[in-house]
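What follows is a single structure, written as structure tokens, with notes after it.
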Amino acid sequence: MIKAVLFDFDGVLVDDEPVHCEVLLRVLREEGIELSEKEYFRHYLGRDDPSCFVAAFAAAGRSIGETGVMRLVARKGAYFRERIREEGHRVLPGALDLVKDLRRAGAMLGVVTGAQREEVEAGLAAAGLWESFKVIVTASDVKEGKPAPDGYLLALQQLNSMAPLPPSLIHPHQALSIEDSPAGIAAARSADLLTLGVEHRYRGRELVDADVVVESLAGLDLARLQSLFAEVSRR
């Protein structure tokens, strides 16, 4: 039985990824590195900002130190906040209803994301979802971002140790991760969670490692998730 659900942020709850792509490419161009939108969505989606910059510099045959990475992350963050102030956050279909249904049913909820904390908190607040989540794990909370399992392992630890405590310990097989990228699915599976892949930027064949793949969160509720979870558990 599902006791906890851990959501990715971009591509699952909100659709801010095009803005992230735009501003990251802008920062890289300012640094003399050209990266296409297609390359971004193929190779960088689901990764945190520091690893994106390190990978882009490496692909261009250049190196960048930790201080340089943090400088670029801060610049990207400033550009991102400017764009979001202009356009706002777009909540994806079904996300708000599913979160509310899960909360009413007593499931513990969390967010595990490679985004920056202030971006996540602002997005959740704007969507009216802030109080729905017990734990929020962002890029600054872990040493290694997705596809490493660090974020999910920390989220499970916090679900079990932070007030209000669950009636009984939540084990990985009782927690469901909802992700939209191969990197996110790999991270959750490495933490022994079941995974629900949502087709957004990637199609089902690209989310093949997910236990179940759906087109969107629209129409999903806890009863349907429990059914999917039970079917996967019997395989």
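Pairing the Cα long axis of helix 66-87 with the longest principal axis of the chain, what angle in degrees results, from 0 to 90 and rounded to the nearest 10?
For 66-87 against the chain, the angle is about 70 degrees.
Starting from the Cα-Cα distance between residue 173 and residue 224, subtract it from 0.36 nm times their residue separation and give me the gain in nm to one decimal. Please list the in-between numbers first.
Working: separation 51, 0.36 × 51 = 18.36 nm, distance 1.71 nm.
Result for the pair: 16.6 nm of gain on full extension.
Between residue 38 and residue 100, what is the spin-label point distance in nm, taking each point 7 Å from the Cα along the Cα→C-beta axis?
Each label point is offset 7 Å from its Cα along the Cβ direction, giving 4.1 nm.
Which length gain, in nm to one decimal place, applies between residue 74 and residue 157 when the Cα-Cα distance is subtracted from 0.36 nm times their residue separation? Don't skip to the answer; put the middle values down first.
Values: separation 83, 0.36 × 83 = 29.88 nm, distance 2.88 nm.
Here the segment from residue 74 to residue 157 would lengthen by 27.0 nm.
With a cap of 13 neighbouring Cβ atoms within 10 Å, and only residues DSSP puts in a loop, list the GluC sites (Glu not before Pro) found in region 168-232. List each step's numbers first, then the result.
Working: sites: 179, 199, 206, 215, 231; in loops: 199, 215.
Filter output for region 168-232: 215.
Could you give the length gained on full extension between residue 81 and residue 212, defined as 0.36 nm per residue of separation minus the Cα-Cα distance, in nm?
On the way: separation 131, 0.36 × 131 = 47.16 nm, distance 3.37 nm.
The span from residue 81 to residue 212 would gain 43.8 nm if fully extended.
Give the angle, between 0 and 90 degrees and rounded to the nearest 10, that separates the Cα long axis of helix 17-30 from the longest principal axis of the Cα atoms of the chain.
The answer is roughly 20 degrees.
If R₀ is 22 angstrom, what is the calculated FRET efficiency for the pair residue 131 and residue 192, using the beta carbon separation as r and rounding to 0.05?
Rounded to the nearest 0.05, the efficiency is 0.20.
Run lengths n ≥ 4 of DSSP H only: what is the helix-derived mean residue ellipticity at 222 nm for the chain, with -39500 (n - 2.57) per run over all residues, to the nearest 500?
That comes out to -14000 deg cm²/dmol.
Under the definition of Cα pairs under 8 Å and six or more residues apart, what whole-number percent is the relative contact order of the chain? Write out the running numbers ahead of the final one.
Working: 372 pairs, mean separation 59.2, N = 235.
Value for the chain: 25 percent.
With the crude spin-label approximation of a point 7 Å out along Cα→Cβ, what separation in nm comes out for residue 67 versus residue 26?
So the two model labels end up 2.6 nm from each other.
Bear in mind these aren't lab numbers, they're just calculated from the coordinates by the rules spelled out. Since this is a predicted model, take the numbers as computed values, not measurements. Backbone-built Cβ (ideal geometry, glycine too); neighbour counts: all protein chains shown.
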